[in-house]
Amino acid sequence: MSSINRRNFLRSSGGIAIPAVLPLSGLLGNDRQQQSDLPTHPQVKFFGDGEMYEPSDYIRILAEADKTVAIAKDRYGVGGVVEALEKKFTVLTGKEKAIFMPSGTLANQLAIAVLSGNKSKVFVQETSHVFRDEADAGQSVFQKRLIPLAKEEPFFTAAQLQKTIDDMGNAEAFLTGFGAVSIENPVRRADGRMVPIHEIKQIRKYCLEKKIPMHLDGARLYIASAWSGISIQEYSQYFDTVYISLYKYLGASAGAMLCGDAAVIDQMSHLIKIHGGSMYGNWTNAAMALHRMEGAEKRFADAKKLGEELFNALNKTGRFSIQPLDNGTNIYRLTVAKNIDGKNLQIQLNQQFNIRIPRPDNNNEALISVNETILYQPLDYLINSFSKAGLG
Ligand SMILES: Cc1ncc(COP(=O)(O)O)c(C=O)c1O
């Protein structure tokens, strides 16, 4: 812990950037929250999307949060911090209602099922979590025919969607109706690449004409927003339903939030129950997400900025090339100069400087991710560590 500059963390994570008109108690409250959110052994981790707390840290942070605002429990997802979190998400997304879900998978599947009603065709990215990573739930549980578009690509275009729909009209005898379009953004299996906003707008325009509802798998929407500069609310307005993860970067140990019109969201608690997802108590996850939502957008913006400053400085040393991906978000391609042993670099960064990176491959390359753990150290420390590690 000695190498960790808590002041820097506070400074760059928003503790100081508070308008002067804020009462002192507000400032202190914010500082206390940020400081107590540090894990016991803070480590800068260039992988993953956010801090994933160990159980002892989780318990301590919730206990601290409870001292500031008492945590109120829910009962089957009703009341307490769950209700408070749902309200926060309606403000964040601009949607009428939000509901806590036990998992993102259930949020995706139920949203698509309700939006598409009795129409069976649902268009998805071939690389999407809905298509590849939900155990064919769309087909086997919800009787949907998932139609994958843009194989191996991060996104499909409005023109591709339109052509597929036009072609189906000619190629199939019994049309069952076009139920929904689901878009994941950013795309996990495309190394966090984004769907360009102009394409989302074109797809929305076409879908409105065709009366096809749209779902957003925005598990990492905070990240898309930080890297594109487009607000979560703006992204949300192009979709009928939006899901955001509570554990990928908001500290919870599981859970998801689904937002949309009351007509859709009001159907969910019954559907969660019949699919076995209704849990008696959800407050441990909801309380953590509620607590960590405070200042999350600023932390991401600060992390992005610090990452860019670090990579610019390191690119000038001639030892590294760290470049963003096309349409990318928080995942960057690191290339280590040939005269440096990449594996040694990884080990020394970890052992001597408490910085973790994925192990470079045989070409001395790795994909590294920026998340809020970068804020645990000042820029100078980070530059210095990368410059000294791997030398001997
Ligand atoms: C893009 C995306 N959508 C949905 C999910 C599913 O989330 P959960 O693990 O909460 O079911 C994930 C999880 O990895 C994901 O990456």
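The values are calculated or read from the model by the stated rules, or taken from the named source; none is laboratory data. Bear in mind the structure is a predicted one, so any value in this text is a computation, not a measurement. We place every Cβ from the backbone using ideal geometry, glycine too, and count neighbours over all the protein chains shown.
Right, Ile59: farther than 30 Å from Phe311 by Cβ, modelled with pLDDT of 90 or more, assigned to a loop (DSSP other than H, G, I, E, B) and of a type in the set (Val, Ile, Thr) or not?
Details: farther than 30 Å from Phe311 by Cβ: yes; modelled with pLDDT of 90 or more: yes; assigned to a loop (DSSP other than H, G, I, E, B): no; of a type in the set (Val, Ile, Thr): yes.
So Ile59 fails the test.
Screening the candidates Thr176, Thr164, Thr127 for the property of being at pLDDT below 95 and of a type in the set (Val, Ile, Thr) yields one hit, Thr176.
In the range 285-295, is there at least one residue being among the polar types (S, T, N, Q) and within 30 Å of Ile340 (Cβ to Cβ)? No, there is no match, as no residue in the range 285-295 is among the polar types (S, T, N, Q) and within 30 Å of Ile340 (Cβ to Cβ). Scan the range 244-260 and tell me whether some residue there is more than 16 Å from the ligand (Cβ to nearest atom), under 18 Å from Glu86 (Cβ atoms) and within 15 Å of the chain's Cα centre (by Cα). Checked the range 244-260: no residue is more than 16 Å from the ligand (Cβ to nearest atom), under 18 Å from Glu86 (Cβ atoms) and within 15 Å of the chain's Cα centre (by Cα). Residues considered: Phe100, Phe155, Phe131. Of these, the only one that is within 14 Å of the ligand (Cβ to nearest atom), hydrophobic (A, V, I, L, M, F, W, C), surrounded by 19 or more Cβ atoms within 10 Å (Cβ to Cβ) and assigned to a loop (DSSP other than H, G, I, E, B) is Phe155.
Once the range 243-290 is narrowed to residues that are among the aliphatic types (A, V, I, L, M) and touching a Cys at 6+ places or on another chain (Cβ under 9 Å), the residue that is surrounded by the fewest Cβ atoms within 10 Å (Cβ to Cβ) is Ile265. Tell me, yes or no, whether the range 320-338 has at least one residue that is acidic (Asp, Glu), in the same structural domain as Asp49 (by TED's automatic domain parsing), part of a helix (DSSP H, G or I) and within 22 Å of the chain's Cα centre (by Cα). No: the range 320-338 contains no residue that is acidic (Asp, Glu), in the same structural domain as Asp49 (by TED's automatic domain parsing), part of a helix (DSSP H, G or I) and within 22 Å of the chain's Cα centre (by Cα). State the number of residues belonging to the range 180-211 that are farther than 15 Å from Gln125 by Cα and either crowded, with 24+ Cβ neighbours inside 10 Å or without any contact (Cβ under 8 Å) to a residue 12 or more places away in the chain (or both). Number satisfying all stated conditions: 4. Summed over the range 123-150, residues that are within 23 Å of the chain's Cα centre (by Cα) and closer than 24 Å to Gly192 by Cβ total 18.
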